[in-house]
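The values are calculated or read from the model by the stated rules, or taken from the named source; none is laboratory data. All values reported here derive from a predicted model rather than from experimental measurement. Heads up, the Cβs are rebuilt from the backbone with ideal geometry, glycines too, and the neighbour counts pull from every protein chain shown. Areas reflect the complete protein model, heavy atoms only, side chains present, ligands, DNA and RNA absent. Shrake-Rupley method; radii C 1.70, N 1.55, O 1.52, S 1.80 Å.
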Amino acid sequence: MQTLVWFRNDLRIHDNPALHYALQDSVNYKSSRVSGIYILCGEYVKSHPMGKRKLWFIRESLRELQQTLAQCGIALEFLWVAKAADIPASIIDYCQRFNFERLTCNAEYPLDELNRDRATKHACEQADIEFKRYHDRCLVPPGALHTQQGDTYKVFTPFSKAWKRLVSETSLQVYPAPQAQPKNRQKFSANPEALEKCFASFDPDDMSEFWQPGEQAALERLSEFCREDIHDYNKLRDFPAVEGTSGLSPYLAVGALSPKQCLLAASLASDEHWSAAEGVSVWVNELIWREFYMHIAAAFPQVSRYKPMQDYTDNVQWLNDEQTYAAWCRGETGVPIVDAAMVQLNTTGWMHNRLRMITAMFLSKNLGVDWRRGEHYFMQQLIDADFCANNGGWQWSASTGTDAAPYFRIMNPITQSERYDPGGEFIRSQLPQFHNTDKKSLHTGEGVTSYPKPLVDVKISRKQAIERFAQAKETETTA
Ligand SMILES: Cc1cc2nc3c(=O)[nH]c(=O)nc-3n(C[C@H](O)[C@H](O)[C@H](O)COP(=O)(O)OP(=O)(O)OC[C@H]3O[C@@H](n4cnc5c(N)ncnc54)[C@H](O)[C@@H]3O)c2cc1C
């Protein structure tokens with residue numbers, strides 16, 4: 001049996017079910033062959049969007065993957081496809097040209113990806129090619145958890161309880177990395193030119209100053225975090241000046257690491273069950289948020305169509321002032337914690353979770369800009385851009401999502417700054433103007449030379465945001 005493994009957001013050899021089962025079945029057949037393929041689609045890159053930082057991270061992760069697969073005698077080829085609708089036909093054509101009788105892959109849950117896989121499955125059936133899809137992005141695949149009424153959970157806490165119950169009852173094992181294939185089969189060496197060619201037109205941004213992509217780096221980071229930092233995670237995770245979180249999101253986003261590997265490493269760090277040690281269980285809770293948003297995306301296609309989960313919020317009258325939006329993007333709003341956060345994003349491609357909440361709420365509430373513009377900007381800039389987590393985070397912050405922050409509970413960025421960056425280490429690390437600023441002006445920026453005046457008054461704009469949402473709610477009830 002000749003099997004083609006279609007790599008997408010699963011760029012690793014360990015704990016990769018699509019790769020594992022392709023190889024496992026192949027040992028039963030004498031003349032079997034397993035190869036890999038990665039498809040880069042021009043339309044996807046533009047419309048989703050995939051930013052230059054993330055493209056760099058993907059390319060470099062693929063470079064390593066191509067080498068590790070080659071060491072196992074498995075080729076990884078690259079295909080560039082202009083239009084998303086042409087992906088099924090292109091992959092069938094490839095299979096037929098190189099005599100692949102089976103295609104395996106790991107599932108993805110946003111709407112376009114689900115539709116792409118449905119179309120590919122159908123095309124495979126027509127061409128008499130076996131299509132097999134596995135689940136690796138979530139420990140509990142979408143559709144496996146239901147409320148007592150049989151619905152998808154829309155609230156996080158009961159979802160997380162059901163998730164924990166199911167995962168605790170399951171024996172978790174990592175799929176081993178492939179063994180080297182016998183020498184007398186095909187020999188492959190990595191072909192980096194094809195990789196370069198595939199990505200060249202997108203001109204990815206080199207982020208090697210900040211990030212080391214690839215599965216090896218992911219495993220090292222995971223083991224270091226679980227060895228040293230996980231037990232203090234509950235105490236330190238909200239302070240952006242401290243390295244209190246794992247920094248694993250870019251790896252999880254491209255699948256250089258699986259959530260199962262994360263949970264098992266966290267379990268090892270805990271003497272008892274992962275739910276017993278506080279730091280460990282709080283960290284696992286974040287992995288569950290990640291899965292919650294994937295389940296939401298899979299069950300509610302409207303989130304993939306630029307729609308809010310709460311319909312009434314479609315009536316919010318956004319101000320959408322272009323200059324305000326541009327100032328937010330550049331980190332020039334005149335609110336130091338917001339600006340420092342945006343500088344961190346624009347420089348490193350990453351932003352601390354507390355700051356993602358603060359900046360997203362500030363844009364969508366105080367500045368009155370449609371949350372979808374911020375969601376789009378984050379997708380372009382984040383090295384860990386992940387549709388489900390990003391959409392979930394934005395809809396939470398903008399109070400348009402399921403189980404989101406209520407619209408009248410708006411974080412005051414200055415109070416947040418005083419609480420989570422009390423000494424201003426984070427602000428100073430990103431904004432050079434603040435190096436010698438005293439504590440009083442640190443959080444407001446008042447009187448700091450060459451620092452912009454605030455775009456809005458935080459208290460007045462908060463009140464106006466609440467009015468905009470209340471009005472939208474009223475429109476809904478009177479309609
Ligand atoms: C507006 C907004 C946008 C976001 N966009 C993204 C995004 O594009 N990609 C992304 O991976 N995360 C996103 N998040 C979630 C979160 O901010 C990041 O996952 C986290 O900051 C990554 O840092 P870390 O790896 O050190 O996380 P840790 O705190 O170490 O958490 C471990 C892992 O759990 C997952 N995780 C943690 N918090 C969340 C969360 N709130 N929602 C979903 N998953 C979570 C991530 O995969 C993370 O790597 C967003 C949050 C908000 C509020």
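Assorted remarks:
- Candidates 32, 95, 56 compared by Cα position along the dipole of the stretch 2-136: farthest toward the positive end lies 56, with charges placed on Cβ.
- The stretch 346-479 shape via C-alpha gyration tensor axes, a/c threshold 1.5: oblate
- Based on Cα contacts under 8 Å between residues 6+ apart, the stretch 311-473 shows a relative contact order of 31 percent.
- Accessible area expressed per residue, the chain, with surrounding protein chains retained (probe 1.4 Å, Å²): 45 Å²
- Calculated mean residue ellipticity at 222 nm for the chain: -14500 deg cm²/dmol, from DSSP H runs with n ≥ 4 weighted as -39500 (n - 2.57), summed, divided by the residue count and rounded to 500.
- In this entry, the chain is assigned a mean projected area of 24.4 nm², taken as a quarter of its C-alpha convex hull surface.
- Among the protein heavy atoms, those of residue 227 account for about 150 Å² of accessible surface (1.4 Å probe, every chain in place).
- These residues, 387, 57, go from largest to smallest accessible area, 1.4 Å probe, as 387, 57.
- Helix 458-478 vs. the chain, principal-axis angle (Cα, 0 to 90°, nearest 10): 70 degrees
- Within the accessible area of the stretch 391-470, the carbon and sulfur atoms contribute 53%, probe 1.4 Å, all protein chains present.
- Between the listed residues 411, 331, 319, the Cα displaced farthest toward the positive end of the dipole of the stretch 311-473, a dipole computed from Cβ unit charges relative to the Cα centre, is found at 411.
- Remark: the stretch 41-127 carries a charge dipole of roughly 300 debye about the Cα centre, counting +1 on each Lys and Arg Cβ and -1 on each Asp and Glu Cβ.
- On Cα atoms only, tilt of 156-169 relative to the major axis of the chain in degrees: 30 degrees
- Sequence of 34, 343 from largest to smallest accessible area, 1.4 Å probe: 343, 34
- For the chain, size of Cβ-based charge dipole, Lys and Arg +1, Asp and Glu -1, in debye: 400 debye
- Put 132, 440 in order of accessible area, highest first, and with a 1.4 Å probe you get 440, 132.
- Given charges at Cβ of Lys, Arg, Asp, Glu: the stretch 235-290 dipole, positive-most of 267, 249, 239: 249
- Rolling a 1.4 Å probe over the protein chains gives residue 441 an accessible area of about 20 Å².
- Each Lys and Arg contributes +1 and each Asp and Glu -1, all at the Cβ; summed about the Cα centre of the stretch 311-473, the dipole is approximately 400 debye.
- Global geometry of the stretch 2-136, whether rounded, prolate or oblate, following the gyration tensor of its Cα atoms and the 1.5 cut on a/c: oblate
- Nearest-ten-degree value, helix 111-126 long axis tilted from longest Cα axis of the chain: 10 degrees
- Taking a ≥ b ≥ c as the square roots of the eigenvalues of the Cα gyration tensor, an a/c ratio of 1.5 or more together with a/b no larger than b/c marks the stretch 209-273 as oblate.
- Bridgeable lysines around residue 473 (alpha carbons under 29 Å apart, same-chain partners fewer than 8 residues away excluded): 154, 307, 365, 459, 463.
- Using a probe of 1.4 Å, the accessible surface attributed to residue 121 totals some 90 Å² when neighbouring protein chains are kept in position.
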